[in-house]
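Read-outs throughout are calculated quantities, based only on the coordinates presented, and are distinct from any laboratory measurement. A quick note: this is a predicted structure, and the numbers were derived from the prediction, not measured. In this analysis, Cβ positions are derived from the backbone assuming ideal geometry, glycine residues included, and neighbour counts consider all displayed protein chains.
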Amino acid sequence: MVAADVFASGSTALITGGASGVGLAIAKLCDSKGMNVILADRNAEALESAKKQINGIVHTSKVDVSNTVDWSRLKEEVARDFGSIELLVLNAGTGMKGSWGDQEYFVKTLETNLFGVIHGIGAFLPVVKKASEAKPTAIVITGSKQGITNPPGNPAYNASKAAVKSLAEQLSFDLRDTKTSAHLLVPGWTHTGLVAASGKEKPEGAWAPEQVADYLYKKMSEDQFYIICPDNDVDEQTDKKRMLYAVGDIVQGRPPLSRWREDWKDKAAETIANTQV
């Protein structure tokens, strides 16, 4: 058995942020495998559009993942209409921009990106573990490369995704002796459905959301926890070199985020280029 066996006909997937982008692409993947699909999203209009793109059994629910009341209602809906959840995909997130002193930016970003995951695990981990008594089960949490390499410019988002990475690692460890697997999905540059809806064409360097979903399935077939997606501009080797350099700031005693400091940029580029992985 491999983790990708969770994509089984008759099993049920719950996907937050499922009305567009990567979430919707994963929903379509689940649908293609004969799974029931539950789409949770705060955009009611997008949910209606997404529902029309799923051929099999689909349920939609307007959910703000930062709101525990919404999670309680969703749990009741799932118990009533499906009974079990085999695949939980905690994908919802926000990409607000802001900086120091902007309290709303920090609170809303952390409430959605971090506590949305915490609330989802709190509500549905027992449901998924119960389902594992009969079928393969898995939990997928969407992170970000910004939560690993921590580029300057968006402190709340980076902090939220760094915390999500830590939570996913802890969850994986705590589930090590169970029949439920955990996975951290880290998309690369992805042309999401919301961007496409604005009329902007997909840049050549970006992946389509469907490529991210396919890569998720491939890596779960290999029982991988860390699913770090490349894109058409950044390959896997470059990602690994950048991640190693970021950790090197601590190990080598460099100033934090040295890769982006003017007096370190050239040395950083040289170090990354010459790193063997």
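Among the chymotrypsin sites (Phe, Trp or Tyr not before Pro) found in region 1-110, those both in a DSSP coil and sparsely packed, with 13 or fewer other Cβ atoms within 10 Å of their Cβ, are Trp100. Checking every one of the trypsin sites (Lys or Arg not before Pro) in region 127-218 against DSSP loop status and a limit of 11 other Cβ atoms within 10 Å picks out Arg176, Lys200. In loop segments of region 64-124 as defined by DSSP, the trypsin sites (Lys or Arg not before Pro) with at most 13 further C-beta atoms inside 10 Å of their C-beta are Lys97.
Name the residue from Ile15, Phe82, Ala27 whose Cα lies farthest towards the positive end of the charge dipole of region 1-114, charges +1 on Cβ of Lys and Arg and -1 on Cβ of Asp and Glu. Selected residue: Ala27. Rounded to the nearest 500, the 222 nm mean residue ellipticity of the chain from helices alone is -14500 deg cm²/dmol, with -39,500 (n - 2.57) taken per DSSP H run of at least 4 residues.
Assuming charge only on the beta carbon of Lys and Arg (+1) and of Asp and Glu (-1), the dipole of the chain about its Cα centre is about 200 debye to the nearest 20.
Near Thr112, once Lys and Arg are set to +1 and Asp and Glu to -1 for all other residues with Cβ below 11 Å from its Cβ, the sum equals 0. Using alpha carbon centroids, what distance separates region 116-133 and region 207-277, in Å? If you average the Cα positions of each part, the centres end up 30 Å apart.
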